[in-house]
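The values are calculated or read from the model by the stated rules, or taken from the named source; none is laboratory data. Please read these numbers as outputs of a predicted model, since none were measured by experiment. Cβ: placed from backbone, ideal geometry, glycine included. Neighbour counts: every protein chain shown.
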Amino acid sequence: MFARTKMHQKDPSQRVTAALIVLSIPRRELWFVGDCQCMVDDRLIQNTKPVDDITAQARAMFLETKLQKGATIEALRQNDTGRAFILPLLKQQQLFQNNPAAGPYCYAVIDGFFVPDEGIRIEPVPPATQTLILASDGYPLLKESLEASEHELHHILEEDPLLFRLYKSTSGVQIGAASYDDRAYIKLRLRGEKEEERTSSALVSGSKRSHPLVGQPGEKAASRKRTRKKRK
């Protein structure tokens with residue numbers, strides 16, 4: 001076990017990694033680690049990696065040169081030479097993983113090792129926010145509904161299956177695959193401050209005094225019962 005841990009510590013390419021987005025309701029904050037995205041009402045927030053932008057652009061340029069030389073989209077889908085072209089960079093970029101010494105190329109992921117503070121992005125959730133959408137980067141264009149997001153995804157995949165023009169990626173859609181990446185989507189409705197105040201007032205007034213998540217009204221009621229008992 002020790003040898004395995006030493007190997008993972010020395011070679012980041014051996015680690016299983018994941019991106020993460022967390023909603024903290026008490027702090028009214030969103031926490032990002034890695035390439036994920038969200039919508040705060042109608043405001044899109046994406047947490048992308050600069051290294052991915054660089055390699056995606058390099059792959060797109062390489063594929064364009066192949067097309068200029070007579071290659072076809074179908075042939076390049078069968079054999080993505082653009083992916084092979086950037087593969088050495090993809091392997092080497094893992095040296096920047098959770099590594100602040102890499103400067104602008106550093107990126108954060110969940111990999112079982114320490115995530116530096118500068119790799120954790122924090123975005124506030126304004127009090128008036130009504131809806132939140134949390135998603136992975138498997139959606140090129142995040143929309144206000146899952147159906148709309150899926151529609152945009154399929155449109156891009158039909159028009160640009162190699163993903164080097166409409167949406168530049170480090171890989172295209174392989175033959176037989178449904179998409180270029182895994183995807184996750186969750187939509188949340190948040191209660192506003194006024195709605196929370198109304199709910200709290202209803203609980204305190206006694207209409208829902210036995211609610212298990214509300215401690216103070218229940219405690220006061222129990223205290224009054226004990227007092228009446230003593231008077232008898």
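Points worth noting:
- Those residues of the range 106-164 which are among the acidic types (Asp, Glu) and either out of contact with any strand residue (DSSP E or B) (no Cβ under 9 Å at 6 or more places or on another chain) or within 28 Å of Leu190 (Cα to Cα) (or both), in sequence order: Asp117, Glu118, Glu123, Asp137, Glu144, Glu147, Glu150, Glu152, Glu158, Glu159, Asp160
- Single residue of the range 49-72 satisfying the filter (among the basic types (Lys, Arg) and within 33 Å of the chain's Cα centre (by Cα)) that is surrounded by the fewest Cβ atoms within 10 Å (Cβ to Cβ): Lys49
- When the range 120-149 is filtered for residues that are closer than 25 Å to Tyr107 by Cα, surrounded by fewer than 17 Cβ atoms within 10 Å (Cβ to Cβ) and acidic (Asp, Glu), only Glu123 remains.
- The residues of the range 84-110 that are part of a helix (DSSP H, G or I), closer than 30 Å to Ile175 by Cβ and either free of Cβ contacts under 8 Å to residues at least 40 places away in the same chain or aliphatic (A, V, I, L, M) (or both), listed by number, are Ala84, Phe85, Ile86, Leu87, Pro88, Leu89, Leu90, Gln92.
- Checked against (1) closer than 22 Å to Val40 by Cβ; (2) modelled with pLDDT of 95 or more, Glu193 meets all criteria but (2).
- Subset of the range 67-83 (residues that are basic (Lys, Arg) and without any contact (Cβ under 8 Å) to a residue 40 or more places away in the chain): Lys69
- Strands (runs of 3 or more DSSP E) lying entirely in the range 1-79 (those with 1 or more residues that are at pLDDT 95 or above and of a type in the set (Ser, Thr, Tyr)): 20-24
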